[in-house]
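A short write-up of the structure that comes next.
Every number in this text was worked out from the coordinates using simple rules, so none of it is lab data. Source: prediction; values computed, not measured. Virtual Cβ from ideal backbone geometry, glycine too; neighbours counted across all protein chains shown.
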Amino acid sequence: MGYTIAQKIIKNHLVSGEMRVGSEIALRIDQTLTQDATGTMAYLEFETMGLKRVKTEKSVAYIDHNTLQSGFENADDHRYIQSVASKHGIYFSRPGNGICHQVHLERFGIPGKTLIGSDSHTPTGGGIGMLSMGAGGMDVAAAMGGGAYYITMPKMYKVNLTGKLKPFVSAKDISLEILRILSVKGGVGAIIEWGGEGIKNLSVPERATITNMGTELGATTSIFPSDEVTREFLRAEGREQDYIPLESDTDAVYDKVIEIDLNELKPLIACPHSPDNVVTVESLKGTKVDQVCIGSCTNSSLFDMLKVAALLKDKTIKESVSLSISPGSKQVLTMLSDCGALSDIIASGARLLECACGPCIGMGFSPNSAGVSLRTFNRNFEGRSGTADAGVYLVSPETAVAAALTGEITDPRLLGTMPQVNMPPNFKINDTAVIPPVSEASADSVAVLRGPNIKPFPESKPQADVLKATVSLKVGDNITTDHIMPAGAKILPYRSNIPYLSNFCFGVCDKSFPERAKELGESIVIGGSNYGQGSSREHAALVPMYLGVRAVISKSFARIHAANLINSGILPLTFKNPDDYDKISEGDLLGLTGVFAGLDSGEITLKNETSGEKIKLLCSFTERQKKILKAGGLLAYAKEN
């Protein structure tokens with residue numbers, strides 16, 4: 001039996017374990033990346049581990065999230081990250097150089113290599129044939145120190161593309177189509193490989209759009225072959241030496257195969273408040289639009305921006321619409337400027353934002369109250385934009401431009417003839433905004449600079465064999481890490497200050513939660529299915545840990561969040577019978593006895609002390625995870641070992 005692309009890379013990087021679906025495997029990691037909203041904590045953890053130098057082939061610290069410097073906090077964090085990166089052997093991408101995934105694809109991604117990043121959209125690298133996965137900051141810190149990255153061996157899905165995209169239909173529509181087919185839970189426990197004749201007409205930036213959005217499926221990662229399209233992209237970046245051919249074997253076996261005919265695809269749109277709430281654009285014709293945002297790590301490549309510029313050329317956006325443009329990198333912005341496309345964008349009435357994540361994480365450009373915002377982003381979770389009652393829709397760049405020009409949701413195919421967009425044969429290379437670290441011999445001379453907003457890493461408690469605690473919160477299905485630990489311009493600057501950040505925990509669901517959790521001292525949270533989907537931010541585990549949450553019991557968990565809970569010493573338990581979710585209410589006193597024996601057997605009996613009900617819970621953990629939980633988290637476990 002042959003191997004899939006992902007299986008080939010896993011086989012070449014396997015440190016321990018067997019490539020058997022459902023079993024734990026440990027992988028050697030070649031590259032890591034962090035961004036500043038999660039990076040500060042990752043580097044605090046790296047320092048706590050007492051490691052002097054990274055041991056990866058390449059580790060890069062990006063500043064792309066907290067770029068709005070309305071106070072000292074973000075600037076202090078950037079200074080800390082730059083100093084700790086220089087000291088420990090990490091490359092530092094300065095503010096303004098671009099979004100981590102776009103820049104990494106351009107300058108550092110290598111087919112066949114492994115990459116983990118403290119950002120859930122790290123799978124973007126799969127567009128270039130990397131095995132790229134999002135992870136919590138602790139796992140990234142461990143990988144930087146030479147440690148393996150542990151995952152459950154995934155299933156293998158294959159999506160075969162046939163035909164060719166029609167004008168005004170793009171890679172974003174492919175992403176929305178697979179979300180429509182599988183849902184935000186449909187990729188859980190799987191790696192999605194893209195193939196078929198239809199991929200030959202997709203450039204690396206288009207492929208990266210698709211692998212980026214694979215995160216919204218709950219997939220471990222997504223990946224494309226490394227072929228002549230990949231070679232051409234690397235050659236244009238001046239990195240053809242990094243190319244290797246990589247494809248699946250003809251007799252590779254997949255757990256699921258999905259067929260998509262690109263000839264039949266129409267412009268699609270994801271409605272509020274989930275990326276899988278997908279319908280055709282034409283079905284929403286005439287819906288008034290207040291705001292349009294083009295950019296993010298999903299759709300900010302040069303190819304995307306050139307299409308936008310061509311569609312806006314000699315046109316003016318509707319007076320009722322506010323349009324923002326965020327190029328993905330300094331390279332993209334420079335080339336737009338040099339060829340005149342930037343002038344066409346600005347002349348249309350668009351507002352140019354810096355090369356950063358910006359509106360995607362609620363960092364400025366929030367919609368008006370109850371406003372309708374069309375965005376070329378990857379997430380439209382409730383409140384993520386910074387406006388609680390906004391209606392956020394996810395669209396392609398083409399559909400975004402159509403809305404900006406007409407003031408309403410409009411099928412872009414009605415704009416006429418799609419202009420021809422030609423990519424330049426060579427990209428303009430300027431890496432001066434990437435600062436290399438000092439040599440190992442000079443590392444001792446570098447002082448790590450800490451501002452007053454950077455607080456010590458919170459300490460977790462060892463897991464107890466008996467736990468009695470009150471339910472501090474009960475939530476429903478598809479709770480995202482944005483629900484648990486919101487982003488946005490008002491909160492993100494405090495990502496390195498857990499005590500202050502805790503005041504906003506679960507603020508989207510229940511503003512009284514932080515105070516209630518503090519009063520209880522120790523508590524338990526109850527969740528529905530797919531608990532913790534979305535961003536990889538480990539703050540969604542660290543902050544509840546700080547507030548005394550000892551266990552989360554849900555119908556099911558998102559992969560990265562479950563790992564982050566374990567790393568923080570919080571028990572992630574699932575209902576053996578999902579209907580038992582209805583037998584627990586907020587305020588109930590719950591008792592767990594024989595926790596250690598339950599960890600070993602894989603099942604724990606919970607007694608609802610308030611109602612008298614007994615409920616079976618599943619706790620299927622690896623031996624390593626059991627030890628981490630008993631120690632009280634990954635850092636405590638690392639210190640013990």
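Things to note:
- Sorted on the mean count of surrounding Cβ atoms within 10 Å across their residues, most packed first, peptides 381-391, 295-305, 92-102 read 295-305, 92-102, 381-391.
- Centre separation in Å (Cα based) which lies between segment 449-468 and segment 346-423: 39 Å
- Test item: Cα-centred dipole of segment 424-483, Lys/Arg +1 and Asp/Glu -1 on Cβ, debye: 280 debye
- Candidate values [x] 37, 27, 26; [y] 43, 27, 23; [z] 42, 39, 21 were compared with semi-axes √(5λ) of the Cα gyration tensor in Å computed on the shown model; the agreeing label is [x].
- A simple charge model with +1 on the Cβ of Lys and Arg, -1 on the Cβ of Asp and Glu and nothing else charged puts the dipole of the chain at about 580 debye relative to its Cα centre.
- Calculated from backbone phi, Karplus (6.51, -1.76, 1.60) coupling profile of segment 153-165 in Hz, x at Gly/Pro: 4, x, 6, 10, 10, 10, 10, 9, 9, 10, x, 9, 4
- Local electrostatic count at N66 - Lys and Arg +1, Asp and Glu -1, tallied over other residues with Cβ under 15 Å: -2
- Placing unit charges on each Cβ (+1 for Lys and Arg, -1 for Asp and Glu) gives segment 41-155 a dipole about its Cα centre, and among G96, I110, P123 the Cα reaching farthest toward its positive end belongs to I110.
- Förster radius 51 Å - calculated FRET efficiency between L68 and K614 (Cβ-Cβ, nearest 0.05): 0.50
- For L571, the residues whose modelled amide H falls within less than 5 Å of its own, excluding neighbours fewer than 5 places apart on the same chain, are A551, V552.
- Cα-projected label distance for N426 with S439, points at 7 Å along beta-carbon direction, nm: 3.2 nm
- Within segment 339-377, backbone nitrogen closer than 17 Å to the virtual label 7 Å beyond the Cα of K288 toward Cβ: 367-374
- For the chain, the relative contact order comes to 15 percent (Cα pairs under 8 Å, sequence separation of at least 6).
- Dimensions of segment 14-152 based on its C-alpha atoms, expressed as ranges along the principal axes with the largest first, amount to 50, 34, 23 Å.
- Ranked by the mean number of other Cβ atoms within 10 Å of their residues, highest first, the peptides 509-519, 164-174 fall in the order 164-174, 509-519.
- Net charge of Cβ neighbours under 13 Å - reference P572; Lys, Arg +1; Asp, Glu -1: +4
- Dipole magnitude of segment 467-640 about its Cα centre (Cβ charges: Lys, Arg +1; Asp, Glu -1), debye to nearest 20: 420 debye
- Relative contact order [Cα under 8 Å, 6+ residues apart], segment 377-532, whole percent: 24 percent
- For the peptides 368-379, 22-33, 115-126, residues were scored by their other Cβ atoms within 10 Å and the scores averaged per peptide; the highest-first order is 115-126, 368-379, 22-33.
- Gyration tensor verdict on segment 5-264 (Cα atoms; rounded if a/c is under 1.5, prolate if a/b is larger than b/c, oblate otherwise): prolate
- From phi via Karplus (6.51, -1.76, 1.60), per-residue ³J(HN,Hα) for segment 472-480 in Hz, x at Gly/Pro: 7, 6, 10, 10, x, 6, 6, 5, 9
- Note that segment 268-410 carries a Kirkwood radius of 14.6 Å, evaluated over its alpha carbons pair by pair.
- Applying 1/(1 + (r/R0)^6) with r as the Cβ-Cβ distance of K583 and E264 and R0 = 51 angstrom yields a FRET efficiency of 0.65.
- Note on the chain: helix-only mean residue ellipticity at 222 nm, from DSSP H runs of 4+ residues weighted -39500 (n - 2.57) and normalised by residue number, equals -8000 deg cm²/dmol.
- Listed residue (G147, P205, V169) projecting farthest to the positive dipole end of segment 143-221, Cβ model: V169
- Rg/Rg_ref, segment 467-640, where Rg_ref = 2.2 N^0.38 Å and atoms are Cα: 0.96
- Inter-part distance where segment 519-576 and segment 586-631 are each reduced to a Cα centre, Å: 14 Å
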